[in-house]
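The values are calculated or read from the model by the stated rules, or taken from the named source; none is laboratory data. No experiment lies behind these values; they were computed from the predicted model shown. When we count neighbours, we look across all protein chains shown, and the Cβ atoms used for this are built from the backbone with ideal geometry, even at glycine. Accessible surface is based on the protein model in full, side chains and every heavy atom, while ligands, DNA and RNA are left aside. Shrake-Rupley method; radii C 1.70, N 1.55, O 1.52, S 1.80 Å.
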Amino acid sequence: MSAASATPVQALQHIKVLDLSRVLAGPWAAQTLGDLGAEVIKVERPGTGDDTRAWGPPHVTGPDGEPTGESAYYMCTNRNKQSVTVDFTQPQGQALVRALAQQCDVVIENFKTGGLARYGLDYASLSAVNPRLVYCSVTGFGQDGPYAQRAGYDFLIQGMGGLMSITGQPDGAPGGGPMKVGVALTDVLTGLYASTAILAALQAREHTGRGQHIDLALLDVGVACLANQGMNYLYGHATPQRMGNAHPNTVPYQDFPTLDGHMILAIGNDGQFARFCAAVQQPDWGADARFQRNAGRLQHRAELVERIRALTVTRSTRDWIALLEQHAVPCGPINTVADVFADPQVQARGMQFSMPHPVAGEVPLVASPIRLSDTPVRYRHAPPQLGQHTDAVLARLLDLSPEQLQTYRDNGVLG
């Protein structure tokens with residue numbers, strides 16, 4: 001913190017980001033950069049804006065309790081941004097976006113491959129006027145390959161990338177069949193990879209003086225994030241299957257029934273298993289050569305899991321967790337989303353906060369998980385209303401007068 005100011009310095013406060021993306025992956029990356037201090041200018045279509053503005057209910061409600069038109073989905077990924085409405089299907093709008101790109105360090109877009117070239121807003125066009133520009137393209141399948149022209153959505157990628165083949169109950173079990181994750185996980189992961197790649201490109205620019213093009217594909221991210229399951233296939237030569245909540249590489253590591261619900265045991269090594277056996281007063285399990293090592297527990301998974309299930313149903317979830325935590329055995333409840341926000345640890349970490357909003361008064365938001373000691377995350381702007389900052393941004397960055405702004409608006413270029 002500067003001696004001359006009580007406001008902490010932020011890591012990216014010298015960076016300007018032009019966010020041309022919509023929905024989740026691109027906006028998630030832009031929001032992450034904004035949380036770290038970057039000035040993020042979100043360019044939206046006049047009249048409609050980001051698709052997710054309409055993805056409700058639920059919506060933000062105003063002081064009168066009535067919906068404001070801002071969806072909860074839109075609010076999750078657009079804080080710390082300024083909304084500018086420009087119709088860049090028109091030549092004048094294209095010129096305005098190009099002029100903004102000349103003032104920016106980063107462009108993020110998630111149009112179909114080649115989709116912005118027709119407007120002169122692709123990497124080749126914008127890097128010609130700003131060679132230091134870091135330009136991040138997020139698509140379903142990447143800039144090349146046989147699927148490059150296809151539209152890509154998270155649900156498709158969870159299926160095509162293999163995630164649904166390893167998520168859900170096994171075939172033949174109650175509720176068996178492929179299952180997607182309950183959030184658009186490949187979108188979120190792509191957003192995180194995008195922000196990491198952008199930071200790497202900005203750092204490289206310090207040495208080369210040049211920006212570069214980042215080609216991020218949801219399918220690539222989905223494959224990369226198969227993690228141990230992908231490597232299990234490459235090394236074990238067996239196709240991983242759905243296992244419900246069980247783990248393919250360690251046992252016991254799954255949910256177990258209790259007297260009043262379920263709990264999770266997440267035993268990751270032999271020492272934890274020995275402590276578990278002592279805690280639940282089952283020394284025979286710990287002494288059994290079949291169960292002492294993880295390889296044996298994997299081989300005899302069915303028998304061991306059945307024994308544990310028969311035991312865990314005798315006490316409540318709360319009682320088991322209290323006991324096992326005393327013995328440093330990793331365990332926990334299966335919380336609802338309501339339980340999560342009521343959890344004392346989540347509250348202590350400040351994962352829910354509120355910000356002033358021009359229509360709603362105060363809006364609740366979920367905090368960034370990033371904790372930096374010297375350059376902390378700051379929340380400067382609530383997710384903006386459509387076109388809220390058009391005049392202010394264009395006047396400041398492009399030196400447009402009120403008369404010029406009105407002329408653009410009269411011509412339908414600005415919202």
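Among the residues of region 327-348, those identified as of a type outside the set (A, V, I, L, M, F, W, C) and in contact (Cβ under 8 Å) with a residue 12 or more places away in the chain are 327, 330, 332, 333. Please go through region 394-407 and pick out each residue that is surrounded by fewer than 17 Cβ atoms within 10 Å (Cβ to Cβ) and without any contact (Cβ under 8 Å) to a residue 12 or more places away in the chain. If the condition is that a residue be surrounded by fewer than 17 Cβ atoms within 10 Å (Cβ to Cβ) and without any contact (Cβ under 8 Å) to a residue 12 or more places away in the chain, then 395, 396, 399, 401, 402, 403, 404, 406, 407 are the ones that fit. Applying the condition of being part of a helix (DSSP H, G or I) and of a type in the set (Val, Ile, Thr) to region 165-189 and asking which residue is farthest from residue 247 (Cα to Cα) yields 188. The lone criterion from (1) of a type in the set (Asp, Glu); (2) free of Cβ contacts under 8 Å to residues at least 24 places away in the same chain; (3) assigned to a strand (DSSP E or B) left unmet by residue 64 is number (3).
Across region 82-139, which residue is farthest from residue 42 (Cα to Cα) among those that are of a type in the set (Gly, Ala, Ser) and touching a strand residue (DSSP E or B) at 6+ places or on another chain (Cβ under 8 Å)? Give the derivation first.
Looking only at region 82-139, we keep the residues that are of a type in the set (Gly, Ala, Ser), and these are 83, 93, 95, 99, 101, 114-115, 117, 120, 124-125, 127-128, 137.
After this cut, where a residue has to be touching a strand residue (DSSP E or B) at 6+ places or on another chain (Cβ under 8 Å) as well, the list is 83, 93, 101, 127, 137.
Values: 83: 5, 93: 14, 101: 12, 127: 19, 137: 15 Å.
The selected residue is 127.
Taking the criterion of being open to solvent by 50 Å² or more (accessible area, probe 1.4 Å) and not hydrophobic (A, V, I, L, M, F, W, C), the residues of region 184-231 that qualify are 193, 196, 203, 206, 207, 208, 210, 212, 213, 215, 220, 228.
Checking each residue of region 85-106 against the condition of being of a type in the set (Asp, Glu) and within 23 Å of residue 126 (Cβ to Cβ) gives at least one match. One residue alone among 52, 113, 89 is free of Cβ contacts under 8 Å to residues at least 40 places away in the same chain, under 19 Å from residue 215 (Cβ atoms) and either of a type in the set (S, T, N, Q) or touching a helix residue (DSSP H, G or I) at 6+ places or on another chain (Cβ under 6 Å) (or both), and that residue is 113.
Here is a yes/no grid of residues against (1) of a type outside the set (Val, Ile, Thr); (2) surrounded by fewer than 18 Cβ atoms within 10 Å (Cβ to Cβ):
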| position | (1), (2) |
| --- | --- |
| 66 | yes, yes |
| 71 | yes, no |
| 97 | no, no |
| 112 | yes, yes |
| 116 | yes, no |
| 127 | yes, no |
| 133 | yes, no |
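Against the condition open to solvent by less than 20 Å² (accessible area, probe 1.4 Å), farther than 30 Å from residue 353 by Cα and under 23 Å from the mean Cα position of the chain (by Cα), how does residue 140 come out, does it pass? Yes: the conditions hold for residue 140.
Identify, please: which residue in region 356-393 is without any contact (Cβ under 8 Å) to a residue 60 or more places away in the chain, open to solvent by 80 Å² or more (accessible area, probe 1.4 Å) and assigned to a loop (DSSP other than H, G, I, E, B) and is, among those, farthest from residue 414 (Cα to Cα)? So, considering only residues that are without any contact (Cβ under 8 Å) to a residue 60 or more places away in the chain, open to solvent by 80 Å² or more (accessible area, probe 1.4 Å) and assigned to a loop (DSSP other than H, G, I, E, B), the one farthest from residue 414 (Cα to Cα) is 373. Looking across region 291-302, the residues that are surrounded by fewer than 15 Cβ atoms within 10 Å (Cβ to Cβ) and touching a residue at least 12 places away in the same chain (Cβ under 8 Å) come down to 293, 298.
Residue 239 passes every criterion in (1) touching a Phe, Trp or Tyr at 6+ places or on another chain (Cβ under 8 Å); (2) β-branched (Val, Ile, Thr); (3) within 30 Å of residue 38 (Cβ to Cβ) apart from (3). The set of residues in region 311-348 that are open to solvent by less than 60 Å² (accessible area, probe 1.4 Å) and part of a helix (DSSP H, G or I) comprises 311, 312, 317, 320, 321, 322, 323, 324, 340, 346. Among the residues making up region 73-95, those that are open to solvent by less than 60 Å² (accessible area, probe 1.4 Å) and within 24 Å of residue 399 (Cβ to Cβ) are 81, 82, 83, 84, 85, 86, 87, 88, 90, 93, 94, 95. Which residue pairs have Cβ atoms under 6 Å apart, sit 6 or more places apart or on different chains, and have a first residue in region 277-290 that is more than 13 Å from residue 267 (Cβ to Cβ) and in a loop (DSSP other than H, G, I, E, B) and a second that is of a type in the set (Gly, Ala, Ser) and open to solvent by less than 20 Å² (accessible area, probe 1.4 Å)? Sorted first by the residue in region 277-290, then by its partner, the pairs are 290/296. Within region 3-15, is even one residue closer than 23 Å to residue 184 by Cα and surrounded by fewer than 22 Cβ atoms within 10 Å (Cβ to Cβ)? No.
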